[in-house]
Amino acid sequence: MELFAPSLMTPNGWRSNSVIRIEDGWITAIEAADHPPNGAEKAAGPVLPGMPNLHSHAFQRAMAGLTERWGSPTDSFWSWRDLMYRFVARLTPDDIRAVALQLYIECLKQGYTAVAEFHYLHNQPDGLPYDNPAETSLQILAAARQAGIGLTHLPVLYAHGGFGEQPLGDAQSRFRSDPDAILAISEVVRAEARGDANVTVGAAPHSLRAADPAMIEALAQGLRRSDPAAPLHIHIAEQVKEVEDCLAWCGKRPVELLADSQAMDDGWCLVHATHLTEAETRAIAESGAVAGLCPTTEANLGDGLFPLVPYRSAGGVFGIGSDSHVCRDPAEELRLLEYGQRLSRRARNVGASELDPSTGGSLWRSAVAGGAKACGRPIAGIAEGERADLVVLDGKHADLTGRTGDAVTDTLIFSGGRDFVRDVMVGGVWAIRDGRHSQEDAAETDFRAALNRLLA
Ligand code: NGQ
Ligand code: ZN
């Protein structure tokens, strides 16, 4: 197919009046044209690269808004986690699928075109495996395909309840796994998705709390034997207590421990990486690993602020994720990322630079490139050889009046958001047309039914 774009963001800047040629879901050429060629579709507004969502726990969509009540004067990340564990215990495979489908449709409608699903609900509520150990992973795959969003599936290794191989708590037995089990699940999903360019499979040690260095090594080696480019993700240094516990256990901070015990390279995504020394910040940047930032969840959970300025100055790559899904809007995620930096540094336009002076443009392009790397998929922007994952904004929106080039992205992020998004394409197929997904009504009905059961 051919899509005529009056205005188009590419990795090298904005172009006007271009034809994007798409074959089998791949962008095969971008050519200048004065007007739409015969048979080409004309985009109804500015065209942006779709945003990868590099960190998702889909099931947590169902509890968004339910943890905002005072429980004690020491409410924290850890008390939130206890509430989350109680919720986990009730979810069935059907619930997991219904909630994920609703979430993925919402993500598409707001401009995400791919998701990396950090999936750890492997077992039955009593901790025993399902007959098919990949049962819940296959529900995630089915939901992603039904929604039409790109998927990087990351089955999660979860073996310990804390540093020093502490036993799992009862609530964590649904997550129990070892490297062989995770490799087996990833094989099943890889086989099921073979030939589907919208899906890839990696793996994720949950955290250094839940997986020890020897297990992480076994997982990384096994995974890279099946696919040398498969991405590895890990939660790291999100909370001060986690840093202190790691130091107390081994004398190293989490990022120091990971860097010393693994070949930390550009196949890794370090999720959160909030509490860093200057040397750790530089080490991540120099390794080529992606920092997986989830600003709305990090704010919601009281994590802290990532050192974005020194990290980017050292050449660090980042992407964004919606994690606990208190927000499903990439524009809002980037806005909060920038505002956290502005508030703490008492400065403006922190995400921009002399070379790339638009804050919104720079953040959107950087997060697309970093998100693509973290997802391990060819979705790094609108360019030849990449997947055709793109977002068409509503050119008739009043707020976009007179905006061209990066002023569009600045307005999207700092004055707009979800209601700008009109059409969304994933792998050459329209997932959202005129703001709607063809299955959104049925998906919402199933989501409501799941919620009513879960909350009864
Ligand atoms: C998770 N979420 O796995 O869902 C975690 C909480 C943990 C975030 N870290 C559990 N945001 O880290 O132990
Ligand atoms: Zn997470």
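Would you mind classifying the stretch 308-419 by shape? Square roots of the alpha carbon gyration tensor eigenvalues, ordered a ≥ b ≥ c; an a/c under 1.5 is rounded, otherwise it is prolate if a/b is larger than b/c and oblate if not.
rounded
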**Request:** In debye, nearest 20, what is the charge dipole magnitude of the chain about its Cα centre with +1 on Lys and Arg Cβ and -1 on Asp and Glu Cβ, if you could check?
**Result:** 640 debye
**Asked** Which Cα, out of Val424, Val391, Gln439, lies furthest along the positive dipole direction of the stretch 381-456 (beta carbon charges, K/R +1, D/E -1)?
**Response** Gln439
**Asked** Using unit Cβ charges (K, R positive; D, E negative) and no other charged atoms, how large, in debye to the nearest 20, is the dipole of the stretch 33-149 about its Cα centre?
**Response** 180 debye
**Request:** Go through the stretch 95-199 and name the chymotrypsin sites (Phe, Trp or Tyr not before Pro) that are in a DSSP coil and have 14 or fewer other Cβ atoms within 10 Å of their Cβ.
**Result:** Tyr130
**Fill in**
When every protein chain stays in place and a 1.4 Å probe is rolled, Ser72, Ser207 sorted by accessible area with the largest first are Ser72, Ser207
**Request:** Sort the chain into rounded, prolate or oblate with this rule: let a ≥ b ≥ c be the square roots of the eigenvalues of the Cα gyration tensor; rounded if a/c is under 1.5, and if a/c is not under 1.5, prolate when a/b is larger than b/c, oblate otherwise.
**Result:** prolate
**Message:** Based on DSSP loop calls and a cut-off of at most 10 other Cβ atoms within 10 Å, the longest stretch of the chain free of exposed GluC sites (Glu not before Pro) is what?
**Reply:** 69-353
**Message:** If I model a spin label as a point 7 Å beyond the Cα along the Cα-Cβ vector, how far apart are those points for Glu444 and Val309 in nm?
**Reply:** 4.3 nm
**Message:** Taking the 0 to 90 degree range and rounding to the nearest ten, how far is the long axis of helix 93-109 tilted relative to the main principal axis of the chain, both from C-alpha atoms?
**Reply:** 30 degrees
**Asked** Cα axis of helix 359-375 to longest principal axis of the chain: angle in degrees, 0 to 90, nearest 10?
**Response** 50 degrees
**Prompt:** Alpha carbon centre of the stretch 430-455 versus the stretch 376-412: separation in Å?
**Reply:** 25 Å
**Fill in**
Carbon/sulfur accessible area of the chain, % of total, 1.4 Å probe, equals 49 percent
**Prompt:** Out of the stretch 13-96, which chymotrypsin sites (Phe, Trp or Tyr not before Pro) are coil in DSSP terms and have no more than 10 other C-beta atoms within 10 Å?
**Reply:** Trp70
**Between the stretch 332-365 and the stretch 186-214, the alpha-carbon center distance in angstrom** = 32 Å
**Asked** Per residue, how much accessible area does the stretch 12-69 have with a 1.4 Å probe, in Å²?
**Response** 46 Å²
**Message:** On C-alpha positions alone, give me the angle between the axis of helix 179-192 and the longest principal axis of the chain, in degrees, nearest 10.
**Reply:** 30 degrees
**Message:** Run the reach check for Lys373 against aspartates and glutamates, Cα to Cα strictly under 19 Å, same-chain hits fewer than 8 apart removed. What comes back?
**Reply:** Glu117, Asp196, Asp227, Asp265, Asp266, Glu286, Asp323, Glu333, Glu384, Glu386, Asp389
**Message:** For a test of the definition: using alpha carbon positions, the gyration tensor, and the 1.5 limit on a/c, classify the stretch 291-370 as rounded, prolate or oblate.
**Reply:** prolate
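Enter the accessible area per residue of the stretch 161-276 (Å², integer; probe 1.4 Å; all protein chains in place).
Accessible area per residue, the stretch 161-276: 38 Å².
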**Complete:** The simple spin-label model distance between Ala142 and Ala29, using points 7 Å out along Cα→Cβ, in nm, is 4.2 nm
**Asked** Relative contact order, percent, of the chain when contacts are C-alpha pairs under 8 Å separated by at least 6 residues?
**Response** 21 percent
**Prompt:** Quick one: longest stretch of the chain between exposed loop trypsin sites (Lys or Arg not before Pro), exposed meaning at most 12 other C-beta atoms within 10 Å and loop per DSSP?
**Reply:** 195-345
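The values are calculated or read from the model by the stated rules, or taken from the named source; none is laboratory data. Values in this document were obtained by computation on a predicted structure and should not be read as measured data. Using ideal geometry, Cβ is built from the backbone for each residue, glycine included, and neighbour counts are taken over all protein chains shown. When the accessible area is computed, the model is the full protein with side chains, heavy atoms only, and any ligands, DNA or RNA have been set aside. Shrake-Rupley method; radii C 1.70, N 1.55, O 1.52, S 1.80 Å.
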